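Every number in this text was worked out from the coordinates using simple rules, so none of it is lab data. Owing to the predicted nature of the structure, the values given are computational and were not obtained by experimental measurement. As a convention, Cβ positions derive from the backbone with ideal geometry for all residues, glycine included, and neighbour counts pool all protein chains shown.
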Amino acid sequence: MSDVHAHPALAHHFDSLEEQKEAATLGMWVFLVTEVLFFGGLFATYAIYRTWYPDAFAAASHELDVTLGTINTAVLITSSLTMALAVHAAQLGQRAKIMVFLALTMALGGVFLGIKSVEYYHKFAEHLIPGPGFQFEKEHIRHAQIFFSLYFVMTGLHALHMIIGFGIMLVMLWWTWRGTITAEYYSPIEISGLYWHFVDIVWIFLFPLLYLIGRHAH
Amino acid sequence: MTTALVPARHYLNDGYGIKSWLLTRDHKRIALLYLAGVTFFFFIGGAFAVLIRLELATPVGDLVSDETYNKLFTMHGVMMVFFFLIPAIPSVLGNFLIPIMIGAKDLAFPKLNLASWYIYMLGAAFTTYAIVTGGLDTGWTFYTPFSTVASTSAVIPAALGIFITGFSSILTGLNFIVTIHQMRAPGMTWFRLPLFIWSHYATSLIMVLGTPVLAITILLVAAERLFHFGFFDPAVGGDPVLFQHLFWFYSHPAVYIMILPAMGVISELVAAFCRKPVYGYPFVAFASLAIAVLGFLVWAHHMFVAGISVYAAMIFSILSFLVAIPSAVKVFNWTATMYKGSVSWQTPMLYAIGFIGLFTIGGLTGLFLAAVGLDIHVTDTYFIVAHFHYIMVGGTIMAYLGGLHYWWPKISGRLYNEWLAKFSALVIFIGFNLTFFPQFILGYLGMPRRYHAYPPEFQVLNVLSSAGASILGVGYLLPMAYLMWSLRYGRLASDNPWGAVGLEWNTTSPPPTENFAEPPEVTWEAYDYGSPVVEEHV
């Protein structure tokens, strides 16, 4: 407390901004490990049922729109690029650039979610929601429901993570606008970036697992 | 001890009023918020236990119906496991002590710490809502397909409560990991850390790695129940056994979330009351990590009768036996620490001795259950009920109470009545054994768990158990009463009433808000009793 020149962003229980940044970064990595295990439960479930019911999964996966999925993959990867550029701008303390790139990241995320809702709507219209109203070729009608249950929960949780990401971006925009983020103190942008990249990577696994594998079988 | 003075400024008088508590970021105040929470839910869970033991005092189901009985043991389990045993030691003692023991001003993320408490209370609110609106009858394990298609009780709000509380656990573990990595005082190297810290580090790893798997599993159950999604439903080709795999992948390590912090407490108590360094410090430290790692590899020993293959059962049986090794290392090292130590029999040490004995019985009967053949014989009998109560009640709660007594002077700045405390420790020990030892015999004789009626030949042992439970109940109420009493009327505690080593004893009782008047620098080894540099601090 004796240091009258302490940075305004330095919390009372840290000795230096450097230490505070290390703690924040480690905290986000530990959180991402938690996230890996969270999605890991789903991936394990997917792996088991895919192994048990390969034909039904291939048939069900055929119902997904690969074109929209591919466009979405490109959109999301581009949003990771703009996020990385926002972090770079933050390291240099370029306030206007940070805000532009954060806004672009959010816009691309918005396009992704828009396309995703179109896909969801198609599935709804085609009676591919699991449950009593589910319609599918008779041979696979039971096991295809497991596929679509997994599809909706996995992509739904992924979308939820993106929506949470939007909230984080809004806070970052606000902090940047009011001048909290500077070249000395940019770790909030950096760890938000870590989160956003993680959400991207989850999609990089979801896309082939749900849309691509086994398509050639049909 | 005669010259004890209250420091002018400490964390308890740094701000008054409800707001200074509910918006605090001080880890010590948050620990006390947790203390209030877990104590409340402990007595709620205890009330269900009282009703269970009352029903079982007679062989016929006369007090409650079979359906009500299902709800009683479910709600007892849910409350005790998720809202008391898992948070108790880490969130109360860990929260209070970890920053002080490593010489930090606070946890790495104080706001997140406060948020964890609110998340815990929110989860508890949902589960409490489930209890008052019809209750829950699935057992604390939520086995499918009963929980997804058959049960008519309040599965969704109860599951939601557990889902939410899980995030409190994850964030607490995250906070501890980062704090232990980043916030250690100068000179506080990894191998100078108190073993309490090592065991909380191992616990935090399990919280961070295991809890999210429970979260997703509960979410799948909710999706299946609400939207008829198929994951575990045989009607669409789903497998209920997969639910059990996912559930136990968290819920077996969760047992180590309950017992590892308890082991950390015992290491502190044994060293302090034998006035010796813990024998084989690095072995005890690494045993904590070994338990955390092995704990993730043994979950299917809960499923030997669930239709898993003989081959899988054999592998999980062997792995389960391996957990005994680091557990035994700890027990042997504590006893070796006591050997030729200058043992003083104060209240915390009585609890520590109780823990070592009861944990040994709980652990050894665990080996019975790791052996596939024997496990099949006693599956779903009172043998398993007795076994896990020896670990959770005889182990975790004993250590929790021992730790609470040991650090109470530090937490409150007051001393409790030593005679009353020793008497209560004895009452609890006797009550505990009378409650649960007969259950080993009952289970071995074949009395199944989870029934509200039983054949008359089991009545004598059940009456003993119910009588023990009433003694145990009194034993738990006593500390509650005299610890509260001591807050106002207890004698003032000196900074180091036990003459123990450790940074928490180098600051005032109670500590100031930032824990130390001067940031400490550590120049001595852990538990370095007898060395000149440490004796000077004592």
Practice problem: Calculate the length of the line joining the C-alpha centroid of region A:142-157 to that of region B:462-490, in whole Å. | Solution: 51
Quiz item: For region B:21-31, what does the Karplus curve 6.51 cos²θ - 1.76 cosθ + 1.60, with θ = phi - 60°, yield as ³J(HN,Hα) per residue in whole Hz, taken in order and with x for Gly and Pro?
Solution: 9, 6, 10, 5, 10, 6, 4, 6, 5, 5, 4
Self-check item: Peptide-level mean, for A:126-137, of C-beta atoms on other protein chains within 10 Å
Solution: 2
Practice problem: Please list the non-local residues whose amide H lies under 5 Å from the amide H of B:Thr381, H modeled 1.01 Å from N, same-chain partners needing a gap of 5 or more. | Solution: B:Arg449
Quiz item: Which value at 222 nm does chain B reach when only helices count, each DSSP H run of 4 or more adding -39,500 (n - 2.57), with the total divided by all residues and rounded to the nearest 500 deg cm²/dmol?
Solution: -22000 deg cm²/dmol
Quiz prompt | chain A - mean residue ellipticity at 222 nm from DSSP helices (-39,500 (n - 2.57) per run, n ≥ 4, rounded to 500) | solution = -26000 deg cm²/dmol
Quiz prompt | region B:163-206: radius of gyration and largest Cα-Cα distance (Dmax), Å | solution = 11.7, 40
Quiz item: Among B:13-20, B:130-137, B:117-124, how do they line up from the highest to the lowest mean number of other beta-carbon atoms within 10 Å?
Solution: B:117-124, B:130-137, B:13-20
Self-check item: Prolate/oblate/rounded call for region A:1-87, Cα gyration tensor, a/c under 1.5 rounded
Solution: oblate
Exercise. Work out how much length A:Glu126 to A:Leu81 would gain on full extension: take 0.36 nm times their residue separation and subtract the Cα-Cα distance, in nm to one decimal.
Key: 12.7 nm
Quiz item: Long-range amide H contacts for B:Arg414: which residues qualify at under 5 Å (H placed 1.01 Å from N, peptide plane, sequence gap of 5 or more or a different chain)?
Solution: B:Ala493
Quiz item: Per residue of B:207-214, what is the mean number of Cβ atoms on other protein chains within 10 angstrom of that residue's Cβ?
Solution: 5
Exercise. Normalising by the residue count of region A:85-218, find the relative contact order in percent from Cα pairs under 8 Å and 6+ residues apart.
Key: 34
Quiz item: Using the Karplus equation 6.51 cos²θ - 1.76 cosθ + 1.60 (θ = phi - 60°), what ³J(HN,Hα) coupling, rounded to whole Hz, does each residue of region B:74-83 give in order, writing x for Gly and Pro?
Solution: 5, 6, 4, x, 4, 4, 5, 6, 8, 10
Self-check item: Average other protein chain Cβ within 10 Å of Cβ, residues A:31-38
Solution: 6
Practice problem: With an 8 Å cut-off on Cα pairs and a minimum separation of 6 or more residues, tell me the relative contact order of chain B in percent. | Solution: 20
Quiz prompt | Most positive-pole-ward Cα, B:Leu51, B:Gly103, B:Phe73, against dipole of region B:1-131 from beta carbon charges | solution = B:Gly103
Quiz prompt | the protein assembly as shown shape via C-alpha gyration tensor axes, a/c threshold 1.5 | solution = oblate
Quiz item: Which FRET efficiency, nearest 0.05, do A:Leu170 and B:Asp66 yield, Cβ-Cβ r, R0 35 Å?
Solution: 0.10
Quiz item: For region A:83-94, what does the Karplus curve 6.51 cos²θ - 1.76 cosθ + 1.60, with θ = phi - 60°, yield as ³J(HN,Hα) per residue in whole Hz, taken in order and with x for Gly and Pro?
Solution: 5, 4, 5, 5, 5, 4, 4, 5, 4, 8, x, 8
Practice problem: Sort A:145-154, B:261-270, B:55-64, B:142-151 for me by packing, meaning the mean count of neighbouring Cβ atoms within 10 Å per residue, highest on top. | Solution: B:261-270, A:145-154, B:142-151, B:55-64
